């Protein structure tokens, strides 16, 4: 177990800068998730932590050791790859013990360790098989077993679940979380799946174009995104960005949206809107904050009911997503399935803006911070 | 009633199919004919060769020509047959194949998994080696061998073949190793394995198909080589191809075609055997690097 500090790390290939000064630091035992679209530099950052790629500038510290220029084997970290990268010529047991063998661990200890890991991951019956004889999920477990066997200071997971089918992915996700709770080791985990990021992480670093857009706990990222990109990336369905005009009302400021009829909604931090009076901004509102009228919320401070024109309904079982359009923006509302919303008709919706955020339309930054 | 589509075989289709087979068998016969003539001739005695036709069968099986070709025929002033040169060839081929294959494997491993600054240029330069004609390097190589003190020796010939073969073997191994995922090497590095350990424990065990291809290729090339053999061998280190040439060109009185043919088949036998034993790997391995799968 060790903390990880990434201090102003830059990586250049010729003229192109892949990492533009990354600063992340996490405590020992924390589960850090690097998330972002493909090409955002998250895998490069991961490889730099592992020592598989050199950084052009900056420092990487594991615990108190500066490992920026240490070779991969001296960093005492283990990695699980997206392609699993199991050694095809070795059995499962040999795969798991290879790292120990390289570190000159005596044979008996190696065998004991293989047994311990196999039991933890329930792969005891597979130990004599070759990787080619395993299913995707089994390979995934073996790949984790190989990482676990060495008991390293830190684990790196590079999109470990992206080659599994949907059901197995959810299962393994839970298992990884349990494993982390049990072992309490530091984990850095790369994914482009925001649900994985939300469910697993102690802290999430949302990356784009080689920069960390925001580093925070899943809830912080969900409730308090710093810009449009982070807000749109985390959450499924994504946050609604509703064009709204800032209006002055009774000495305070509020937002006017074009629902079925123009509707004025209050905003939690009205003073932050002052500079934008008369201009259009983007109101960020999660789908679950636009619902069918709920009696217990009636009359509360940030709740407004307004009619919308239903475009499409998407029943999901637990909820029904109701799609409408406010100006040019598509807006998702999360409703009770019993609520009789029908495509083509207008129906009342309750807008709860108590957790709403506002973004500058031009540069995408938050304006209410 | 029945809407099952029947395969329509017209008369034209049948005729074309028959024509195709006739064509294929004809071509096969054309390719096999020389070998058949050699085999038949080697089993006849000189008298029968003179009186009969090329394709007439021998009246009795007569292996005298084979034993003479193996151990009694004259190659120039010596009359020991092909046997000593046959073993000379093995002494050249085995180390040359082993060394060039191993070097090719190491080179391919470095070029595809331990890229260094300029490794692509290095690989391109190496490829040029595949296209250098033999004749061009004869004189410089003769000087080099003389300077190294290994002119006219088996060692010298082995070195020539290794130098010439490395370009090809590297190309083979590099293409094969391109299809091995880089994560495998990364995982091994994190596990604490070094350059040679990864090569020996991870890479080599999965290289069987390409090793077979390279061995067949190098074996055939080096065994069949005549030019380097005639240019760089000494009196008693001549390979079998040179001996065959000498044998055919040495004649006292009438030409013994049966002995010539037997000697030629003996000289060709090892490459035939190698190809028959490992041929299926050859085709499999040659295409392995071409299509990622």
Restricted to region A:27-53 and to residues being away from every other protein chain (no Cβ under 14 Å) and surrounded by fewer than 20 Cβ atoms within 10 Å (Cβ to Cβ), the residue nearest to the chain's Cα centre (by Cα) is A:37
Within region A:17-26, residues surrounded by fewer than 16 Cβ atoms within 10 Å (Cβ to Cβ), touching a residue at least 60 places away in the same chain (Cβ under 8 Å) and under 28 Å from residue A:183 (Cα atoms) come out as A:23
Take residue A:52 and tell me if it is farther than 17 Å from residue A:157 by Cα and either assigned by TED's automatic domain parsing to the domain that holds residue A:208 or without any contact (Cβ under 8 Å) to a residue 60 or more places away in the chain (or both). no
Note on residue B:190: of the conditions (1) crowded, with 19+ Cβ neighbours inside 10 Å; (2) more than 22 Å from residue B:119 (Cα to Cα); (3) within 14 Å of another protein chain (Cβ to nearest Cβ); (4) under 22 Å from the mean Cα position of the chain (by Cα), unmet is (4)
If we keep only residues of region A:77-113 that are facing chain B (nearest Cβ under 8 Å) and in a helix (DSSP H, G or I), then the residue surrounded by the fewest Cβ atoms within 10 Å (Cβ to Cβ) is A:102
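Of all the residues that make up region A:121-133, how many are buried (at least 17 other Cβ atoms within 10 Å of the Cβ) and either in contact (Cβ under 8 Å) with a residue 40 or more places away in the chain or within 19 Å of residue A:183 (Cβ to Cβ) (or both)? Explain how you work it out, then say what you get.
Step one: filter region A:121-133 for residues buried (at least 17 other Cβ atoms within 10 Å of the Cβ), giving A:121, A:123, A:126-127, A:131.
Add one more test, that the residue is either in contact (Cβ under 8 Å) with a residue 40 or more places away in the chain or within 19 Å of residue A:183 (Cβ to Cβ) (or both), and what stays is A:121, A:123, A:131.
The number of residues fulfilling the criteria is 3.
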Of the residues in region A:58-71, those that are surrounded by 14 or more Cβ atoms within 10 Å (Cβ to Cβ) and farther than 21 Å from residue A:30 by Cα number 2
Residue A:116 passes all but one of the listed conditions (1) surrounded by fewer than 22 Cβ atoms within 10 Å (Cβ to Cβ); (2) within 14 Å of chain B (Cβ to nearest Cβ); (3) within 23 Å of residue A:29 (Cα to Cα); the exception is number (2)
Among the residues of region A:295-319, the number that are farther than 22 Å from residue A:283 by Cα and in contact with a strand residue (DSSP E or B) (Cβ under 6 Å, 6 or more places away or on another chain) is 3
Taking region B:163-187 and keeping only residues that are more than 10 Å from chain A (Cβ to nearest Cβ) and free of Cβ contacts under 8 Å to residues at least 24 places away in the same chain, one is left with B:163
Expected single match for touching a helix residue (DSSP H, G or I) at 6+ places or on another chain (Cβ under 7 Å), buried (at least 17 other Cβ atoms within 10 Å of the Cβ), more than 7 Å from chain A (Cβ to nearest Cβ) and farther than 29 Å from residue B:241 by Cβ among B:216, B:198, B:211 is B:198
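The values are calculated or read from the model by the stated rules, or taken from the named source; none is laboratory data. Values in this document were obtained by computation on a predicted structure and should not be read as measured data. Here the Cβ is made from the backbone with ideal geometry for all residues, glycine too, and neighbour counts use every protein chain on show.
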